[in-house]
Amino acid sequence: MAFGTGNKDRIRDVYERAISNLPPAEEKRYWKRYIYLWINYALYEELDAQDTDRTREVYQECLKLIPHNNFSFSKVWLLAAQFEIRQKNLDGARKILGNSIGRAARHKIFKKYIELELTLGNVDRCRALYTKYLEWSPDCSYAWLKYAELEMSLSETERARAIFQLATAQPALDAPELLWKSYLEFEISQGELQRTRQIYDRLLERTKHWKVWSGYAMFEANAAMEGGNSILQEKDLEPKQKQCLKAARSVFENALEYFRISAPELKEERAMLLEDWLNIERSSGQIGDVSLVENRLPKKLKRRREVITEEGTAGYEEYYDYVFPDETASLSLNILEAAYKWKKQKLCHIQA
C-alpha cells in the first residue's frame, strides 16, 4: 500500500524495515534474495525519489554489510559504479571498482572496469588493469587475448608479441587452444613465417593433437602467399609453391611417423591426417602428387566388439576400424615368418 500512495517517507520506512531483517547465516544462498531488497531500494531512490545522496548512501551501506571475506555480489559493485558514472563522477566509479578488485575480485568487475577506461581512452589505465587481472587469474585465456588485442589495435606489435609469449608460457590456461590459435594468426598476419614455425614447434612440444600437425602442414603449403609473396609473378611463384609443398609433406610425414610409432591406437587421427594431405595435393594442381597419399590410405571396416560393464557383458556395439597398408604388409610378413618356423620345426621333428 505504501508504494501506491507515493509517500516517500512511508516507502523508505518499508524498505528500512525490510533490510533490517538480516539473513539467518552468512551463506550466499540466503543473501541472494535479500540483496535485491537493497538494489530495489537504491533504484527507487535514484529513479523515483531522484535523491542522489540517498542513492549513494544506500549503495554504500549495502556494500558495508556484505561479508566480502565469505562471498560478494558483483552486481552490487557494478550498479554502484554505474550510478556514479551516470552522475559523471568518474573518480567515484573508479574508487568503487578499485575497492571491488581489492576486496572481492571477479572477472565481471575487471571486464567492466577495463571497458570503462577503454571508452575514456585511458590506455595506460587499461594496461595496469590487465596486469592486475592477470596477476589475479594468470590462467585466464580471455584476459591474455584481450590484452594482446588492445596492443594490436594500437599497432604495438612488439607489446602484443610479448603478451602472447608470456601467455603461452603459462603452465596452465583455461582455453589454451584459443590463445595459441590467435598467436599463430597474429604472426602470420605480420608475415613472420619463421616465427610462426617456431610457435608450431613449441606447440607440438606440448601437444601432438592431429589438428596441430595438420594446421602446421597447411600453413607450410600456403606459405608461398604469405610474408609479402602474394605479388610474385607466376614464373617466380611456382618454384616457391613447390618448396612450400615439400615442407608441408615433411610435416605430414613427421606427423604420420609419430602416430604410427608413438600412438598406434589413434588410427582415426592418422586417417584424418592422410585425408588432409590428400586434399592439399589435389588443390595444388600440377605440382601436387596424389599418388604419394592414395597408396597409404586405410580401409575403413565396420566391426563389432563386446561391451563390458561392472555388471558383466552388456551386448555388442559396432565401431569403425582403420587398416593401413603398412599394417597389412607387416601382418602378412608375420604370417610368413610363422609358417616358415612351423615348417622348419616339422622337418626337424621328422628327421629326428
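List every residue pair whose Cβ atoms sit under 8 Å apart, with the two residues 6 or more apart in sequence or on different chains, where the first one lies in the range 184-199 and is on the phi > 0 side of the Ramachandran plot and the second, anywhere, is part of a loop (DSSP other than H, G, I, E, B) and buried (at least 16 other Cβ atoms within 10 Å of the Cβ).
G191/E226
State which residue is nearest to E238 (Cα to Cα) when the search covers only the range 273-290 and only residues that are in a helix (DSSP H, G or I) and in contact with a Leu (Cβ under 7 Å, 6 or more places away or on another chain).
As a first pass, look at the range 273-290 and keep what is in a helix (DSSP H, G or I): 273-283, 285-287.
So of that shortlist, the ones also in contact with a Leu (Cβ under 7 Å, 6 or more places away or on another chain) come out as 273-274, 281, 287.
Numbers: L273: 25, L274: 24, E281: 14, I287: 8 Å.
Filtering first and then ranking leaves I287.
A175 fails exactly one of the following numbered conditions: (1) among the aliphatic types (A, V, I, L, M); (2) more than 14 Å from V251 (Cα to Cα); (3) over 14 Å from the mean Cα position of the chain (by Cα). What is the number of that condition?
Of the numbered conditions (1) among the aliphatic types (A, V, I, L, M); (2) more than 14 Å from V251 (Cα to Cα); (3) over 14 Å from the mean Cα position of the chain (by Cα), the odd one out for A175 is (3).
Looking at the range 263-317 only, could you name the residues that are buried (at least 17 other Cβ atoms within 10 Å of the Cβ), within 23 Å of K240 (Cβ to Cβ) and not small (G, A, S)?
Residues satisfying the conditions are D276, W277, L278, I280, E281, V293.
Report, by residue number, each residue of the range 135-157 that is over 19 Å from the mean Cα position of the chain (by Cα), surrounded by 15 or more Cβ atoms within 10 Å (Cβ to Cβ) and not in a helix (DSSP H, G or I).
Correct list: E156 only.
Take the residues in the range 105-129 that are outside any helix (DSSP H, G or I) and of a type outside the set (D, E, K, R), then tell me which one is nearest to I85 (Cα to Cα). Please lay out each step first, then the result.
First, pick out the residues of the range 105-129 that are outside any helix (DSSP H, G or I): 105-106, 120-122.
The next check asks that each one be of a type outside the set (D, E, K, R); those that pass are 105, 120-122.
On the way: A105: 20, L120: 12, G121: 15, N122: 16 Å.
So, considering only residues that are outside any helix (DSSP H, G or I) and of a type outside the set (D, E, K, R), the one nearest to I85 (Cα to Cα) is L120.
To keep it simple, each residue is scored yes or no on (1) modelled with pLDDT under 95; (2) surrounded by 14 or more Cβ atoms within 10 Å (Cβ to Cβ); (3) in a loop (DSSP other than H, G, I, E, B); (4) of a type in the set (D, E, K, R).
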| residue | (1), (2), (3), (4) |
| --- | --- |
| V212 | no, yes, no, no |
| K240 | yes, yes, no, yes |
| R249 | no, yes, no, yes |
| F252 | no, yes, no, no |
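Name the pairs whose Cβ atoms lie under 7 Å apart, with the first residue in the range 124-144 and more than 19 Å from P176 (Cβ to Cβ), the second hydroxyl-bearing (S, T, Y), and 6 or more positions between them or separate chains?
Note: pairs meeting the criteria are L129/Y113.
If I ask for residues that are surrounded by 14 or more Cβ atoms within 10 Å (Cβ to Cβ) and farther than 24 Å from P24 by Cβ, which ones from the range 96-109 would you list?
We begin by selecting, within the range 96-109, every residue surrounded by 14 or more Cβ atoms within 10 Å (Cβ to Cβ); these are 96-101, 104-107, 109.
Within the range 96-109, I96, L97, G98, N99, S100, I101, A105, R106, H107, I109 meet the criteria.
Just one of E117, E45, E61 is buried (at least 17 other Cβ atoms within 10 Å of the Cβ), among the acidic types (D, E) and more than 36 Å from the chain's Cα centre (by Cα); which is it?
Details: E117 fails: more than 36 Å from the chain's Cα centre (by Cα); E61 fails: buried (at least 17 other Cβ atoms within 10 Å of the Cβ).
Of the residues listed, the single one that is buried (at least 17 other Cβ atoms within 10 Å of the Cβ), among the acidic types (D, E) and more than 36 Å from the chain's Cα centre (by Cα) is E45.
Within the range 309-340, take every residue that is within 39 Å of the chain's Cα centre (by Cα) and assigned to a helix (DSSP H, G or I) and give me the one that is modelled with the lowest pLDDT.
Ranking the candidates gives E327 first.
Quick check: anything in the range 199-207 of a type in the set (V, I, T), farther than 21 Å from D124 by Cβ and assigned to a loop (DSSP other than H, G, I, E, B)? Steps first, answer last, please.
As a first pass, look at the range 199-207 and keep what is of a type in the set (V, I, T): 199, 207.
Checking which are farther than 21 Å from D124 by Cβ leaves us with 199, 207.
So of that shortlist, the ones also assigned to a loop (DSSP other than H, G, I, E, B) come out as 207.
Among the residues of the range 199-207, at least one is of a type in the set (V, I, T), farther than 21 Å from D124 by Cβ and assigned to a loop (DSSP other than H, G, I, E, B), which makes the answer yes.
For E177, only one of the following conditions fails: (1) exposed (fewer than 14 other Cβ atoms within 10 Å of the Cβ); (2) within 30 Å of E265 (Cβ to Cβ); (3) of a type in the set (D, E). What is its number?
(1)
Inside the range 214-231, can you point out the residues that are of a type outside the set (G, A, S), modelled with pLDDT of 95 or more and closer than 19 Å to F164 by Cβ? Full working, then the answer.
Just the residues of the range 214-231 that are of a type outside the set (G, A, S), to begin with: 216, 218-220, 222, 225-226, 229, 231.
Narrowing the set further to residues that are modelled with pLDDT of 95 or more leaves 216, 218-220.
Within the range 214-231, Y216, F219 meet the criteria.
The values are calculated or read from the model by the stated rules, or taken from the named source; none is laboratory data. Quantities reported herein were computed from a predicted structural model and do not represent experimental measurements. No Cβ is skipped: glycine too gets one built from the backbone with ideal geometry, and neighbour counts run over all protein chains shown.
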